[in-house]
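The values are calculated or read from the model by the stated rules, or taken from the named source; none is laboratory data. Note that the coordinates shown come from a computational prediction; the quantities given were computed from them, not determined experimentally. Cβ atoms come from the backbone with ideal geometry, glycine included; neighbour counts cover every protein chain shown. The area values use the complete protein model at the heavy-atom level, side chains included, leaving out ligands, DNA and RNA. Shrake-Rupley method; radii C 1.70, N 1.55, O 1.52, S 1.80 Å.
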Amino acid sequence: MRPSRYCRILRRCVFLVAGITTVPAVFLIFAGGEGGVDRLNQRATPQHKNNSWSLSHEAMSYWMSEVEARMVQRRHHLKQVCAKLDLDVYGNDSLHRPNPWEFLVNRPHHLVWCNVFKAASTSWMYNFNILAGYNPKFLRNSKLVPLNLARRRYPRPSLHALQQALNDSVAFLIVRHPLERLLSAYRDKIQFSLPHTLHQKLGNEIILKYRKNKQKVKGSRNKSTPKKPRWPTFSEFVQYLVNVQQKGDPFDMHWAPITHFCTPCQVDFDIIMKFETLQEDQNYLIHQAGLQDIIRPEWKNPAKGCTTTELVTSYYSQLTRAQILQLYHIYRYDFELFGYTLDGYLQLGMTESNSAGSPAT
């Protein structure tokens with residue numbers, strides 16, 4: 001897919017040199033003893049205020065080298081696993097050919113993004129709309145869907161247009177633990193779906209097909225039978241996903257595997273940001289793209305109330321271990337390509353004997 005590899009290799013070298021040149025500063029920091037390191041670490045993440053970065057040159061050098069090393073390791077891991085799984089070989093199926101459909105290409109600022117839903121997509125859709133020339137006040141007050149606004153300025157690129165943009169742009173994507181991302185999608189689009197939407201309609205269809213006891217939420221005469229919610233339970237939703245996978249049907253974009261959505265083994269990404277290190281990764285990207293005077297790190301729609309750990313525990317304890325393993329099978333490539341594991345998840349699942357007769361919540 002890379003007709004002009006020279007430009008991309010040169011740009012990679014620039015990134016690498018930027019990291020290497022900061023090494024002397026790192027040695028100076030460590031030479032200063034633990035106290036110096038601790039004091040620097042207290043302010044090691046850039047803070048954006050009034051469009052200026054409140055970091056000394058020494059601290060910025062240390063921070064940039066840390067994040068650069070992280071990015072090099074992620075790119076290396078991705079390429080290794082792509083080769084191991086033969087996903088870097090060009091073919092005719094959705095895993096082995098580039099998918100330009102989901103990319104947003106900003107030519108003036110030389111930035112290419114594959115928008116992964118439920119992985120800081122709202123935050124970066126806002127930034128891409130700012131880069132497209134929309135006024136911040138207009139974006140805050142607009143009732144229009146941000147993605148629809150973006151597509152007015154960023155039409156879906158052809159494969160050729162994407163290839164051309166990749167030659168002289170910084171290409172990035174944001175990834176997230178597959179099961180955490182899935183839970184976020186379930187809560188947003190299924191459990192708390194807006195009335196009269198396609199996702200609410202899908203939820204009703206899931207209930208009709210996968211709910212064993214379809215008693216009404218109100219007016220049930222059998223008081224000994226727990227009432228089921230008016231939305232699909234997490235377990236019912238997972239049954240639906242497994243069935244979709246078995247039939248080979250496409251997934252909704254909000255929970256589609258990243259490997260299918262962004263084809264990361266067929267497209268060279270310069271920066272792989274992770275939801276878990278998003279603040280630092282965003283700052284790094286903005287600096288590398290030279291956009292620190294235009295956009296800032298964003299964190300829109302943060303989780304409210306329960307912590308992520310509490311939510312994960314609450315919902316995944318509703319599933320059996322077999323269901324969690326089925327989800328792992330669906331998102332297996334995302335797990336492997338981006339270095340995620342099932343640690344902490346499988347233990348939450350019920351054994352089959354414990355799940356028999358357990359009420360859905």
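Quick notes
- Looking across the stretch 123-167, the residues that are of a type in the set (S, T, N, Q) and either open to solvent by 40 Å² or more (accessible area, probe 1.4 Å) or within 15 Å of Trp101 (Cβ to Cβ) (or both) come down to Asn135, Asn141, Asn148, Ser158, Gln163, Gln164.
- Tally, over the stretch 281-314, of residues that are closer than 30 Å to Leu95 by Cα and either among the hydrophobic types (A, V, I, L, M, F, W, C) or open to solvent by less than 20 Å² (accessible area, probe 1.4 Å) (or both): 7
- Only one entry in Val145, Val170 is over 27 Å from Ile324 (Cα atoms) and touching a strand residue (DSSP E or B) at 6+ places or on another chain (Cβ under 6 Å), namely Val170.
- Where a residue in the stretch 311-335 is free of Cβ contacts under 8 Å to residues at least 12 places away in the same chain and its partner, wherever it lies, is open to solvent by 60 Å² or more (accessible area, probe 1.4 Å) and not small (Gly, Ala, Ser), with Cβ under 7 Å and at least six apart: none
- Which numbered condition His254 misses (of (1) touching a Phe, Trp or Tyr at 6+ places or on another chain (Cβ under 6 Å); (2) in a helix (DSSP H, G or I)): (2)
- Among residues of the stretch 286-301 that are outside any loop (DSSP other than H, G, I, E, B), those with a Cβ under 9 angstrom from a residue that is basic (Lys, Arg), sequence gap 6+ or separate chain, pair up as Ile286/Arg296.
A quick yes/no check of all residues on (1) modelled with pLDDT of 95 or more; (2) closer than 30 Å to Lys84 by Cα; (3) over 14 Å from the mean Cα position of the chain (by Cα); (4) of a type in the set (A, V, I, L, M):
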| position | (1), (2), (3), (4) |
| --- | --- |
| Gln245 | yes, yes, yes, no |
| Asp252 | yes, yes, yes, no |
| Ile271 | yes, yes, no, yes |
| Thr308 | no, no, yes, no |
| Ala322 | yes, yes, yes, yes |
| Ile330 | yes, yes, yes, yes |
| Phe338 | yes, yes, no, no |
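- All positions within the stretch 72-122 that are open to solvent by less than 70 Å² (accessible area, probe 1.4 Å), in contact (Cβ under 8 Å) with a residue 24 or more places away in the chain, within 16 Å of Pro264 (Cβ to Cβ) and assigned to a loop (DSSP other than H, G, I, E, B): Leu85, Leu87, Ser94, Leu95, His96, Pro98, Asn99, Asn115, Val116, Phe117, Ala119
- Single residue of Ala120, Ala69 found to be more than 19 Å from the chain's Cα centre (by Cα), hydrophobic (A, V, I, L, M, F, W, C) and over 24 Å from Ser158 (Cα atoms): Ala69
- Matching residues, the stretch 130-155, being within 22 Å of Met273 (Cβ to Cβ) and in a loop (DSSP other than H, G, I, E, B): Ala132, Tyr154
- Qualifying positions in the stretch 168-187 - out of contact with any Asp or Glu (no Cβ under 9 Å at 6 or more places or on another chain) and open to solvent by less than 20 Å² (accessible area, probe 1.4 Å): Leu173, Leu179, Leu182, Leu183, Tyr186
- When Leu241, Leu278 are screened for being farther than 21 Å from Lys209 by Cα, out of contact with any Cys (no Cβ under 8 Å at 6 or more places or on another chain) and open to solvent by less than 20 Å² (accessible area, probe 1.4 Å), only Leu278 passes.
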